[in-house]
Structure formats: structure tokens, C-alpha cells
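Input: a single structure, listed below in C-alpha cells.
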Amino acid sequence: MLSQSKTSSAFSSLPLKSELTSNLETMGYEKMTLIQEQSLPLILKGEDVIGQAKTGSGKTAAFGLGLLNKLDVKRFRIQSLVLCPTRELADQVAKEIRTLARGIHNIKVLTLCGGVPMGPQIGSLEHGAHIIVGTPGRLTDHLSRGRLDLSNVNLLILDEADRMLEMGFQDALDQILGETPHQRQTLLFSATFPKQIKSMTESIMYAPKRVEVKETHDNSSIEQHFYCLKNNDQRMQALRLLLLDKRPESAVVFCNTKRETQQVADELANLGFSALAIHGDLEQRDRDRVLLQFANKSLNVLVATDVAARGLDIDALDAVFNYHLPFDFEVHTHRVGRTGRAGSKGSAYTFYTEKGYITELIGESIGRQITSEALPSDNILADIPPVPEMKTIQIDGGKKQKLRPGDILGALTNGKEISGDEIGKIQISDIRAFVAVNRRIAKRALNKLKDGKIKGRNFRAWLV
Ligand code: AMP
């Protein structure tokens, strides 16, 4: 379902070229979606815009219309560039732009993505284009070989910017942006706003206006549940029951001590849950590895102390568990606030053995008395614990070997038996690289990386 406001205005209220408006009718777009209503007037005025919106919101048409309206068809130069994290998204975006452009003759849209042969792309580039839609890795390849001239770009769009950063495209983005004129309009769309995105918008945009489709960020998107337990021994059982019943994809269990963190994680792992602990006693390298697996969805449950969880730059946890109440009310708010961001509904489950000062304050903050709910029935203890969606492959090569995310993505998706959608975060350190792949294709992906070549070289690879 597309979000449309009740007062949703018609496209005809916008200063759009008539060929665009009349084509929208033929496409059955009667009213603007919320993100279109909020962003299009600004985009058409030439402002830099940050749009917080997910797939399904109508964001492609929002920037697509902005782009087509700005385009000077008679000037056959690359005037707009759309950057996407994956080939699939780039194909989708190009398709939508072509459909939106049906009413205007001779608009040339070219997609430049990794995982497909270079030859035809080189040919198409020689013929020229108005609009390029592509993935960062392949675009930098063309740029480095002097085949792509971005000096006439006056509109740059970053679609799913968070995904691009997740996939390790920061350096590629820097290179591409460096080749576009300073005097340009920049639009950035992202479902989430981690720190990296914030600092990126500060450096690449000029006085950006931020629009957000408000299904997000207010506390009502977090449901708080409370369970009064008879004694400490009941905590583990309560946690198991809730994990088996709610089956969150990513959950953090907060403990107050390092020792308890390790005990809880070990016990969950022994019972078959995908769970690991993170606390200050772990070596930095092990800590990084746990966080990496959790962030790339290869790990369902992270058991953490408050301090250790600070290193976690994740915007959308499904659930937070308070194994123990914290000693400080602020800490509770902070823990609970980690779930339910970016439009997703989050849940917080808090265990307590008796009411006191902290439960009082929590009650005040949510405007109701805390009441204990019943735990799920013991019958589900026999259920099989959820498995993570992704698996992590480690590759024995990194920045020192000049490996870039695009190289890994290319090695996995060439031949097309693996699609970009099945590949998650790619992280590259000095001598290692990690790529998350969908569990279903993990073996195939591993074999492809082990048996095939990445950048013409063989690298060792294995499942973490
Ligand atoms: P997107 O979020 O860009 O992936 O768009 C989601 C879907 O909504 C696509 O299939 C679009 O074709 C469709 N769409 C976008 N804008 C509108 C609109 N104003 N009215 C009806 N459908 C739309």
C-alpha cells in the first residue's frame, strides 16, 4: 500500500512539463504519495533534498519526475546521474524513469551496472545518454578508464544511500561525486539515517531540506511489554519463550554485568539459538566480528552490556530485551529507543521481579501503570529456534590487495545465478573482507568465490 495523505494534492498542482502530467494520467497515477507531495515541490525548485523513505513509498517517481522536468532533451549530454546499490534496483529505477518519460521523445536512459559484460556498455556510452542509472563500482570502472564524462551533471541522486554505504561503496561514491560539478542539485534517499549518512549529507549537499514520511520515530512505534518473574531463575526460561514466540530477526538482550552477558549467550547458543555475547572483556577483533555478524543479519541475538552496545550502529532492531532492569531510568529509555526506528515497529520486553523506583519512572514515561503480561505457553519450548537470514563469508584479502566491494559483488553476480538482492553488507578491512549472503545460496556463493577469481586473482574464502 502506498501512503497517501487525505489532502493529497494532484500532480497538476505542480509546475511539471505538460508531457509529464498527461503521461502520469495514462500510468494511473492520480494523486501524489506522501513522499512525492513533500519532496516534489522542493525538488522542482532546485533544492537539495534528503528523503527518508523506503521502497514502496513512490520515491522513484519523486526523483524521476524531478529529473525529467529538469532535463534539457536537446542537449545530448549526461545531465543526471542516479546511483543505486544493486543492479536490480538500478534496472527498476531505469524502467520507471523510461515509463515516466514516455511522453517526451528521444530521452536516452542508460544503465551501467556490475555483473554484466563491459563491452555493450562501452558501446552505449560512445553513443551518449541524458541519464545514467548505475551502481558505484561499475561507474568508477568507467570513470577510471576515461569513458564517462560527468562534467555536465546538474542533478545527482543517491537512492538507498544507506544500502550503498552498508555495501562498502563509500570510496566509490567519493570518487564519483568528485567528478561531478560542485554546482549541482543533489537528492539523497535512504530508509535509515545512521551516523555515516548524516555526515555524508553534510559534506555533499547544500542546505538540504529533509522530508520524512512519518510512519517513523515516535515512541508509539515501540511497544513495551513487561513480565513480573518470581525469581532470577525464571529469566532464562522467559527469554527463551519470548524468542521462540516472537522470533525476532535481530534482538539485543541487555544484561547488567559482563559475566551474565556471557552466561546468557552461552546458554542460548547451547539451546540452538543464533546468539553471541559482546562485552568489554572481549578482544577488539572478536568484538568487531560479533558486531559485524549481527549488523549483517548473520546473527539473530546479541547479548550485550550497555557499554558494549554503544558500538552498534544499527537503526532497526526488531526487539530489545531487558534481562534485568537497569539501575538507571535513562539507561532504560536508551535501550528501548534502539528498537522501532525507521518506520519499523519495535518491541521491548522487560523482566522484573518487583516494582520499585525504576518501574515507577518507566510507568510515568509511557503514561500507564506497568502491568505484567502472561508469558507464552511452555509448549513452544520444543520449537526449533529461528535461523538468521544471512551467512557471512570471510575472504582472505582486503584493501591491501586492492579489493573493493564492487569486485566482490561482481565476482558473486557474474553469470547471473546469484542476484544482487541475495547479497548483503560487504565490509573490507586492510587484509580481510566480509560479505553477507543469503543463507539459501551461501554454499554456492562460497564456491564461486573460492573456485572463481576476484579481480583476476584467487583468494581463500570460508564461512564464518
Ligand atoms: P517506489 O517506492 O518508487 O518503488 O514505488 C512503489 C510503486 O508505486 C511503484 O510500482 C510505482 O509505480 C508506484 N507509484 C509511485 N507513485 C505513484 C502514484 N503517485 N500513484 C500510484 N502509484 C504510484
Amide H partners (placed H, <5 Å) of Ile107, local residues excluded: none
Label zone at Ala269 (point 7 Å along Cα-to-Cβ), backbone N below 12 Å, region 377-410: none
Once the piece of chain linking Asp171 and Met118 is laid out straight, how much longer is it, given 0.36 nm per residue of separation minus the C-alpha distance between them? 17.0 nm
What order, most packed first, do the peptides 142-152, 273-283 have when packing is the mean number of other Cβ atoms within 10 Å of each residue? 273-283, 142-152
For the pair Trp462 and Asp306, the simple spin-label estimate (label points 7 Å beyond Cα toward Cβ) gives in nm 3.9 nm
Global form of the chain, assessed from the alpha-carbon gyration tensor, a/c cut-off 1.5: oblate
Can you bin every Cα-Cα distance in region 11-212 into 10 Å intervals starting at zero and give me the percent of pairs per bin, rounded to whole numbers? 9, 39, 38, 14, 0
What is the list of residues in region 265-284 whose amide nitrogen lies under 14 Å from a point 7 angstrom out from the Cα of Val331, following Cα to Cβ? 280
Limiting things to C-alpha atoms, what are the Rg and the maximum Cα-Cα separation (Dmax) for region 390-463, in angstroms? 10.7, 31
Once amide hydrogens are built 1.01 Å from N within the peptide plane, the residues lying 5 or more places from Lys54 or on another chain with amide H under 5 Å from its amide H are none
Ranked highest first by the average count of other Cβ atoms within 10 Å around their residues, in what order do 177-183, 205-211 fall? 205-211, 177-183
Relative contact order of region 11-212, pairs being alpha-carbon contacts under 8 Å that are 6 or more residues apart, as %: 28 percent
Nearest 5 is fine: what % of DSSP beta bridges in the chain come out antiparallel, could you say? 25 percent
So what J values fall out for region 325-334 if you push phi through Karplus, 6.51 cos²θ - 1.76 cosθ + 1.60 with θ = phi - 60°, rounded to Hz, Gly and Pro as x? 5, x, 7, 10, 5, 4, 5, 4, 4, 5
Using only the alpha carbons, work out the radius of gyration and Dmax of region 128-222 in angstrom. 14.9, 52
Mind giving me the FRET efficiency for Gln234 and Asn414? R0 is 41 Å, r the Cβ-Cβ distance, nearest 0.05 is fine. 0.20
Region 222-382, Kirkwood Rh and Cα Rg, ratio Rg/Rh at 0.94
Starting from the Cα-Cα distance between Ser18 and Thr353, subtract it from 0.36 nm times their residue separation and give me the gain in nm to one decimal. 114.0 nm
Of the beta bridges DSSP finds with both residues in region 222-382, what % are antiparallel, to the nearest 5? 0 percent
Dividing the alpha-carbon radius of gyration of region 322-464 by 2.2 N^0.38 Å (N being the number of residues), what value is obtained? 1.55
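Just so you know, all these numbers are worked out from the coordinates, no wet-lab data involved. Please read all numbers here as calculations on a predicted model, not as lab measurements. No Cβ is skipped: glycine too gets one built from the backbone with ideal geometry, and neighbour counts run over all protein chains shown.
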